[in-house]
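Reading through the structure tokens given below for one structure.
Throughout, read-outs are computed from the coordinates displayed, never taken from laboratory work. Being a predicted model, the structure only gives us computed values, none of them experimental. Cβ placement follows ideal geometry from the backbone for every residue including glycine, while neighbour counts extend to all protein chains displayed.
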Amino acid sequence: MSLRLDGVFGPVVSTFKRDSGDIDTAAFTANVNAHIAAGELGVVVCGSTGEAALLSEMERFELLEAARRAVPSDRVVLMGTGAESTRLTVRRCHEAQTVGADAVLVVAPHYYGSAMNSDALRAHYTQVADASPIPVLLYNIPKYMHFKIPPELIAELAKHQNIVGIKDSSGDLDLLKSYIAAQSDSFTVLTGNGGQLHPALMAGARGGILAVALFLAERSVAIFNAHTRGDHATAERMQAEIKPHAATIVGELGVPGVKAAMDIAGLHGGPVRAPLMDLDAAARARVAALMSGLNAAAA
């Protein structure tokens, strides 16, 4: 199939068994099925919300296999393959292709952040895109990278025939717009900020990879659909409703918050993996209050 990126994607959590800490494949598959049933265009496996940095190579493979089995052929599976070395990133891209990923999402190397100037990033991404057997999406997430990929570099990389898009999780609309300036028929800009989905779409982004869509999938998809049909008043209203959830549950509380919200929504969040820590009772109560408030407003 031709790769579609115009929609809402769920950056799925990695589910762990509470007793052993091992991957819970059944819970993971149930979540993926729910995301697809809610109308999401696809899922991202081993992204930031998926605790990718805490997974073994074998666990990454296991989760991708489970996702590919669950996601129908007319939807999309993206695999996070970013690593600190170009060599490992390329290897992961090849492995993703063997399991059936449609494309890879590649976060910039950032451990040696001060060395990641434009020349280093250009060389890294060019080598990865040249070697990857499937399309590459760039991934800008300053919260974890501690730098932003320069718009001028994005404009260059967007011309590479195997680089098909970027996920921008900066939350900086001006930066997003500078990336959108490089958008073309072959390069798509997606927002990673659920609190800004509608503003991003209005600015020209074609969709989003949104952690908030893991526990508010129907509403996230509804915002996208309302925008697509030109009903911007409805999209704006629904965006305002979920903005506090994106800010608090995703932005402030992070992966533990997302997993707690999924539990409350009837999905499978479950425990996080150490050294992350599950929410305490007070934080979980904050999540519950936000979730019940939204349900009350919709009633």
What is the chain's relative contact order, in percent, from Cα pairs under 8 angstrom and six or more apart in sequence? 17 percent
Residue 202 to residue 184: extension gain in nm, 0.36 nm per residue of separation minus the Cα-Cα distance? 4.9 nm
Using a 10 Å cut-off on Cβ atoms, rank the peptides 283-292, 126-135 from the highest mean neighbour count down. 126-135, 283-292
Burial ranking of peptide ranges 16-29, 91-104, 111-124, 56-69 (average Cβ count within 10 Å, highest at the top): 91-104, 56-69, 16-29, 111-124
How would you rank 205-216, 151-162, 247-258, highest first, on the average number of other Cβ atoms within 10 Å across their residues? 205-216, 247-258, 151-162
What is the antiparallel percent of DSSP beta bridges lying wholly in segment 8-231, to the nearest 5? 5 percent
Long-range lysine pairs (8 or more apart or interchain), the chain, Cα under 15 Å: 5
Expressed to one decimal in nm², the mean projection of the alpha carbon convex hull of the chain is 14.4 nm²
So for the pair residue 144, residue 292, with labels modelled 7 Å out along Cα→Cβ, what separation do we get in nm? 3.2 nm
